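To keep things clear, I will list the structure first and then write my remarks on it.
The values are calculated or read from the model by the stated rules, or taken from the named source; none is laboratory data. Not measured: the values here are computed from a predicted model. We place every Cβ from the backbone using ideal geometry, glycine too, and count neighbours over all the protein chains shown.
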Amino acid sequence: MKTLDIWVIEEKCNGCQLCFKACPYNAIEIIKKKAVIKKENCNLCGACVNACRFEAIFIACKVPLEPVVGYEGIWVFVEQKNGKLAPVVYEIIGEGRRLAQKLGASLSAVLLGSKLEHLVDELKFYHLDRIYLVDDPALSVFMDEPYSFVLSNLIKKYKPEIFLGGATSIGRSLIPRVASILETGLTADCTSLDVDVAKRLLLQTRPAFGGNIMATIICPEKRPQMATVRPHVMKRAAKSSEGKCEIIKEKFAIPPFKTHYLDFIEDIMENVKLEDADIIVSGGRGLGKAENFIILQELADVLGAAIGASRAAVDAGWISYSHQIGQTGKTVSPKVYIACGISGAIQHLAGMQTSEIIIAINKDPDAPIFQSATYGIVGDLFEIIPKLTKKLKEILGN
Amino acid sequence: MEIIVCIKQVPESTEVKINPQTKTLVRESVKGIINPFDMYAIEEALRLKEKLGGKVTALSMGPPQAEESLREAISLGVDEAILLSDKSFAGADTLATAYTLAQAIKRISQFDLIICGKQTMDGDTAQVGPSLAEKLGIPHVAYVRKINEVKTDSIILEQMVEEGYRRIKMSLPGLITVVKEINEPRLPSLRGKMRAKSVEILIWGVNDFNIEKEKVGLEGSPTQVIKIFAPQRRKKGEILQGDIDSQVEQLVNKLKESRVI
């Protein structure tokens, strides 16, 4: 049973009476220079919390102190397409291993699909205790219904305490469905994870409000504790020299489902996928017209980078929506993000501010992008970028 | 075709700050708007109705003032609007929200398609759509960028994925979440605005449809926020000085130092 409660932290309270004056229900007394809540009068309206200047009053949910028992181990969902692993898989295995060590728990990977022996052979080298494999022709192409059916059944059978998946388009569609079947909590798009070892709680931190605040979220009563993890944020798992790991094969009678895959149309504009790119060259309003993206493409080709864009460039019709980065587009986290002619509106920053190195090139010295940039050049991108491309060509050509 | 659009009222600006003294959220603007992604959901529903006939119902859960957003949906051309509003719905996470919406939709009972925006601007989770579909036992397709074909019992969709898009055929009834690329939302018409002023918005509380009280609101939410804090600001970087050649030179050296090249 979850209930809201109110309490005063006595060390912080100095008996200033601000809360006493703010309380509309006459539910606070000041006794020996400390606020005391009369719970029979209090309706948890929060007026006192807002009035207190010393953070001495709290209203929150009481978290049960007893850890949930009967669940063990951390599972990571292995996303694969056409027998190729999504890059985020290595990252959640790495992060899963770190958390498993802290908790003293096992780490397992869950692999769904068809004809995946080669992936099992690869995954074996990533310090996993177990691989759960469901190999079924009905799983050959990812579809939400059969995948959520199989995953939820596996979880019900083996009861992991933590389940992690990548916050990719597949992960963010599939895992909510699985959490809904299991009636457990799920935290989307985490950028940092930790564990409270004593309570065996997963501490899930994620940005909200377009990256303006960070929230740490827990799931105290339900298991597994589920989270999707933003790609490119966690460190990749190290490969070991010996491939040792238990393989558990499972089979489920998958019922007929109501969505049918017809075909796949590749985006021919993209040489490199934005989500997987280590380097992104991104263009904004400052490019002036569609043709000028060629200048960025030349730089991107030298660096093996993908092309991104700000909303302004997409709305102007210079480049397709699939390249848009920011709150209404994609969220990326490359090693290097080169923002060219992008002013750096907060909505754009929300989609790229976890990049390791941000390089901003803009002619307006007051552009907000310079506040976030690791390196900035104030100047004309049409002069700077071709020179940069030429210079890099010389170096990388050697 | 009977279509339900799920919408959420969100703060107009996500530029919230944290008051360092009280650690509470300070919102720059308290004005509520329809979640921008939901505008594409509404538009797509209206287009389908204009082509195929039927009815569009907008459904929202939120505080009483969310009624304004439903009136705005009416002004755009939505036929009916229902607001799920009750003290006990407050504090719901995505699971409790999906459950509450699902139970309300079971009371509406008649529907062929549910359309949601891809995600909200405040929560950014993208979880309610798929979770709601599961609660209703219907299929879903997320990140839809185009509807190619609609038949009475099925629909062909284009789903945006990292490398391009997939075409999927989904049986109806079903649920889709839509991305910005799908359409260009319209503005309200004068007639719509007039209607929005007078039309009755149904408000359903905890006793108006079949729900288990321990599955809604804070009580029904397995997740809880234990801490909010301001993101670490990036350290103010370095503006490279000198003429262009020297700036480019410096930048290349920085890239070498950090082993990018």
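Just need a number here: residues in the range A:371-385 that are facing chain B (nearest Cβ under 7 Å) and among the aromatic types (Phe, Trp, Tyr).
Residues meeting the conditions: 1.
State the number of residues belonging to the range A:355-389 that are surrounded by fewer than 22 Cβ atoms within 10 Å (Cβ to Cβ), without any contact (Cβ under 8 Å) to a residue 24 or more places away in the chain and either part of a strand (DSSP E or B) or under 28 Å from the mean Cα position of the chain (by Cα) (or both).
Looking only at that region, the number is 4.
If you go through the range A:185-239 one residue at a time, how many are part of a loop (DSSP other than H, G, I, E, B) and either in contact with a His (Cβ under 9 Å, 6 or more places away or on another chain) or farther than 30 Å from A:Glu122 by Cβ (or both)?
Within the range A:185-239, residues that are part of a loop (DSSP other than H, G, I, E, B) and either in contact with a His (Cβ under 9 Å, 6 or more places away or on another chain) or farther than 30 Å from A:Glu122 by Cβ (or both) number 16.
On the given criteria, is A:Val141 β-branched (Val, Ile, Thr) and either surrounded by fewer than 22 Cβ atoms within 10 Å (Cβ to Cβ) or at pLDDT below 95 (or both)?
It is true that A:Val141 is β-branched (Val, Ile, Thr) and either surrounded by fewer than 22 Cβ atoms within 10 Å (Cβ to Cβ) or at pLDDT below 95 (or both).
Name the one entry in B:Lys151, B:Lys169 that is surrounded by fewer than 20 Cβ atoms within 10 Å (Cβ to Cβ) and touching a His at 6+ places or on another chain (Cβ under 6 Å).
Unique residue meeting the criteria: B:Lys169.
Restricting to the range B:233-257, what's the tally of residues that are more than 23 Å from A:Asp366 (Cβ to Cβ) and surrounded by fewer than 14 Cβ atoms within 10 Å (Cβ to Cβ)?
4
Just a yes or no: is a residue in the range A:281-299 modelled with pLDDT under 90 and either in contact with a helix residue (DSSP H, G or I) (Cβ under 7 Å, 6 or more places away or on another chain) or part of a helix (DSSP H, G or I) (or both)?
no
Just checking, does the range A:156-164 include any residue being basic (Lys, Arg), modelled with pLDDT of 95 or more, assigned to a helix (DSSP H, G or I) and within 24 Å of the chain's Cα centre (by Cα)?
No: zero hits.
B:Lys51 fails exactly one of the following numbered conditions: (1) at pLDDT 95 or above; (2) more than 14 Å from the chain's Cα centre (by Cα); (3) away from chain A (no Cβ under 13 Å); (4) closer than 25 Å to A:Ser180 by Cβ. What is the number of that condition?
All conditions are met except number (4).
Look at the range A:1-19 and say how many of its residues are surrounded by fewer than 18 Cβ atoms within 10 Å (Cβ to Cβ), part of a loop (DSSP other than H, G, I, E, B) and of a type outside the set (D, E, K, R).
Count: 7.
Considering only the range B:170-214, state which residues are within 12 Å of chain A (Cβ to nearest Cβ), charged (D, E, K, R) and over 19 Å from B:Thr100 (Cα atoms).
Once the filter is applied, which keeps residues that are within 12 Å of chain A (Cβ to nearest Cβ), charged (D, E, K, R) and over 19 Å from B:Thr100 (Cα atoms), the range B:170-214 yields B:Lys180, B:Glu181, B:Glu184.
Only residues that are assigned to a strand (DSSP E or B), surrounded by fewer than 24 Cβ atoms within 10 Å (Cβ to Cβ) and modelled with pLDDT under 95: list them for the range A:308-354, please.
Scanning the range A:308-354 gives a single hit, A:Lys330.
Keeping to the range A:213-243, report how many residues are facing chain B (nearest Cβ under 10 Å), more than 19 Å from A:Gln101 (Cα to Cα) and either touching a strand residue (DSSP E or B) at 6+ places or on another chain (Cβ under 7 Å) or of a type in the set (S, T, N, Q) (or both).
Residues meeting the conditions: 10.
Tell me which residues, restricted to the range B:105-119, are buried (at least 22 other Cβ atoms within 10 Å of the Cβ) and in a helix (DSSP H, G or I).
B:Ile105 - this is the single residue of the range B:105-119 that is buried (at least 22 other Cβ atoms within 10 Å of the Cβ) and in a helix (DSSP H, G or I).
Restricting attention to the range B:219-227, does a residue exist that is more than 7 Å from every other protein chain (Cβ to nearest Cβ), of a type in the set (A, V, I, L, M) and more than 20 Å from A:Thr374 (Cα to Cα)?
No, that holds for no residue.
Among the candidates A:Arg236, A:Arg230, which residue alone is in the same structural domain as A:Pro87 (by TED's automatic domain parsing), at pLDDT below 95 and under 26 Å from B:Thr97 (Cβ atoms)?
Of the residues listed, the single one that is in the same structural domain as A:Pro87 (by TED's automatic domain parsing), at pLDDT below 95 and under 26 Å from B:Thr97 (Cβ atoms) is A:Arg230.
Which one is farthest from A:Leu85 (Cα to Cα), of the residues in the range A:166-184 that are assigned to a loop (DSSP other than H, G, I, E, B) and in contact (Cβ under 8 Å) with a residue 24 or more places away in the chain?
That would be A:Glu183.
Identify all residues within the range B:177-232 that are basic (Lys, Arg) and in contact (Cβ under 8 Å) with a residue 12 or more places away in the chain; write none if there are none.
Within the range B:177-232, B:Lys180, B:Arg186, B:Lys193, B:Arg195, B:Lys197, B:Lys213, B:Lys215 meet the criteria.
Can you run down the residue pairs with Cβ atoms below 9 Å, 6 or more apart or on separate chains, where the first is in the range A:194-212 and at positive phi and more than 8 Å from every other protein chain (Cβ to nearest Cβ) and the partner is in a strand (DSSP E or B) and at pLDDT 95 or above?
Between residues of the range A:194-212 that are at positive phi and more than 8 Å from every other protein chain (Cβ to nearest Cβ) and residues that are in a strand (DSSP E or B) and at pLDDT 95 or above, the close pairs are A:Arg200/A:Ile162; A:Arg200/A:Gln225.
Quick one: would you say B:Ser221 is closer than 28 Å to A:Thr184 by Cβ, surrounded by 13 or more Cβ atoms within 10 Å (Cβ to Cβ) and in contact with a helix residue (DSSP H, G or I) (Cβ under 6 Å, 6 or more places away or on another chain)?
yes
With respect to the numbered conditions (1) within 8 Å of chain A (Cβ to nearest Cβ); (2) outside any loop (DSSP other than H, G, I, E, B); (3) surrounded by fewer than 21 Cβ atoms within 10 Å (Cβ to Cβ); (4) not aromatic (Phe, Trp, Tyr), which one is the sole condition not fulfilled by B:Asp122?
(2)
Filter the range A:232-257 for residues that are touching a Leu at 6+ places or on another chain (Cβ under 9 Å), of a type in the set (D, E, K, R) and crowded, with 16+ Cβ neighbours inside 10 Å and give the result.
A:Glu250
Considering only the range B:153-168, I want to know if a residue exists there that is out of contact with any Leu (no Cβ under 7 Å at 6 or more places or on another chain) and touching a residue at least 24 places away in the same chain (Cβ under 8 Å).
No, because not a single residue in the range B:153-168 is out of contact with any Leu (no Cβ under 7 Å at 6 or more places or on another chain) and touching a residue at least 24 places away in the same chain (Cβ under 8 Å).
Just one of the numbered conditions (1) within 11 Å of chain B (Cβ to nearest Cβ); (2) loosely packed, with under 15 Cβ neighbours inside 10 Å; (3) outside any strand (DSSP E or B) is not true of A:Leu262; which one?
(3)
Condition first: modelled with pLDDT under 95 and either within 13 Å of B:Leu202 (Cβ to Cβ) or in a helix (DSSP H, G or I) (or both). Now tell me which residues in the range B:54-65 satisfy that.
B:Pro64, B:Gln65 - these are the residues of the range B:54-65 that are modelled with pLDDT under 95 and either within 13 Å of B:Leu202 (Cβ to Cβ) or in a helix (DSSP H, G or I) (or both).
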